[in-house]
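**Student:** Before we start, here is the structure in question, set down as structure tokens.
The values are calculated or read from the model by the stated rules, or taken from the named source; none is laboratory data. Given the structure is predicted, the values throughout are model-derived calculations rather than measurements. Cβ sites come from the backbone with ideal geometry, for glycine too, and all protein chains shown count toward neighbours. Please note that ligands, DNA and RNA were not included when accessible areas were found on the heavy atoms of the full protein model with its side chains. Shrake-Rupley method; radii C 1.70, N 1.55, O 1.52, S 1.80 Å.
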Amino acid sequence: MDDCIFCKIASGAIPSAKVYESGRVVAFLDANPMSEGHFLVVPKTHWRDLAAVPAGAAAAADDAATIAEVWQVVAAGVAAAVEVFGGGANVLQCTGEEAGQTVPHLHVHVIPRPKGGETPPQFSSGAFRYASDEARAATAAKLDAAIAKRMQP
Ligand SMILES: [Zn+2]
């Protein structure tokens with residue numbers, strides 16, 4: 001993608017404060033950090049977002065290795081954030097503008113939350129209520145079928 005800023009960072013055409021790099025994945029400090037050390041884990045493969053990543057039988061071995069390494073780096077990055085800053089960390093992935101995605105190249109945020117730091121944004125647990133147990137079960141069934149379709153061997 002010629003006009004993708006994260007592809008340019010991945011190729012080194014645009015400089016960044018890198019915290020990890022391999023042949024498949026790069027991680028670098030966010031340009032607009034929510035906290036000290038906030039960084040992004042980015043596959044060098046240009047996928048628009050997490051919904052664009054092939055899964056199950058649709059995933060070529062190379063793609064599967066790339067997405068596996070992304071999540072390995074997220075896990076290592078969370079552990080590193082706890083080691084470097086103390087406290088904890090948030091992991092955030094935004095797919096789609098409705099979810100707040102601003103750069104259309106898959107990325108996972110690792111946001112260190114140091115002890116004594118600012119209170120993280122409140123997540124709205126309980127903001128949605130199912131109309132009934134049947135409605136809740138119907139939603140679970142729709143998601144179950146859609147995930148199974150993507151994960152089928
Ligand atoms: Zn890109």
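**Student:** Can you say whether P114 is in contact with a Phe, Trp or Tyr (Cβ under 9 Å, 6 or more places away or on another chain), over 13 Å from A27 (Cβ atoms), touching a residue at least 24 places away in the same chain (Cβ under 8 Å) and not aromatic (F, W, Y), as far as the supplied structure shows? Spell out the reasoning first.
**Tutor:** On the way: in contact with a Phe, Trp or Tyr (Cβ under 9 Å, 6 or more places away or on another chain): yes; over 13 Å from A27 (Cβ atoms): yes; touching a residue at least 24 places away in the same chain (Cβ under 8 Å): yes; not aromatic (F, W, Y): yes.
For P114, the condition - in contact with a Phe, Trp or Tyr (Cβ under 9 Å, 6 or more places away or on another chain), over 13 Å from A27 (Cβ atoms), touching a residue at least 24 places away in the same chain (Cβ under 8 Å) and not aromatic (F, W, Y) - is met.
**Student:** On to the next question. Quick check on the range 33-51: of everything there that is part of a loop (DSSP other than H, G, I, E, B) and open to solvent by 40 Å² or more (accessible area, probe 1.4 Å), which residue is nearest to E98 (Cα to Cα)?
**Tutor:** Start the filter on the range 33-51 by keeping residues that are part of a loop (DSSP other than H, G, I, E, B), which leaves 33-38, 44-49.
Filter once more, keeping what is open to solvent by 40 Å² or more (accessible area, probe 1.4 Å): 33-34, 36, 44-46, 48.
Working: P33: 20, M34: 19, E36: 26, K44: 24, T45: 23, H46: 20, R48: 14 Å.
Result: R48.
**Student:** Checking the condition closer than 28 Å to K115 by Cβ and more than 15 Å from the ligand (Cβ to nearest atom), which residue from F28, F39 passes?
**Tutor:** Details: F28 fails: more than 15 Å from the ligand (Cβ to nearest atom).
The unique qualifying residue is F39.
**Student:** Sticking with this structure for a sec: What pairs come out if I take residues in the range 14-27 that are free of Cβ contacts under 8 Å to residues at least 24 places away in the same chain and pair them with residues that are open to solvent by 50 Å² or more (accessible area, probe 1.4 Å) whose C-beta lies under 8 Å away, six or more apart or interchain?
**Tutor:** That search, which allows pairs on different chains as well, returns I14/I5; I14/K8; S16/L29; A17/L29; G23/K44; V26/K18; V26/Y20; V26/K44.
**Student:** Give me the pairs, please: first residue somewhere in the range 80-108 and in contact (Cβ under 8 Å) with a residue 40 or more places away in the chain, second residue anywhere and more than 16 Å from the ligand (Cβ to nearest atom) and of a type in the set (A, V, I, L, M, F, W, C), beta-carbon distance under 7 Å, and either six or more positions apart or on two chains.
**Tutor:** A81/A89; A81/V110; V108/V74; V108/V91
**Student:** Evaluate the following for A75: is it assigned to a helix (DSSP H, G or I) and either charged (D, E, K, R) or within 15 Å of the chain's Cα centre (by Cα) (or both)?
**Tutor:** So A75 passes the test.
**Student:** Give the range 52-89 a look and list any residue that's within 17 Å of L29 (Cα to Cα) and crowded, with 17+ Cβ neighbours inside 10 Å, or say none.
**Tutor:** Scanning the range 52-89 gives V70, V73, V74, G77, V78, A80, A81, F85, A89.
**Student:** Here is a further query. Can we say V19 is within 15 Å of the ligand (Cβ to nearest atom) and either in contact with a strand residue (DSSP E or B) (Cβ under 6 Å, 6 or more places away or on another chain) or open to solvent by 20 Å² or more (accessible area, probe 1.4 Å) (or both)?
**Tutor:** no
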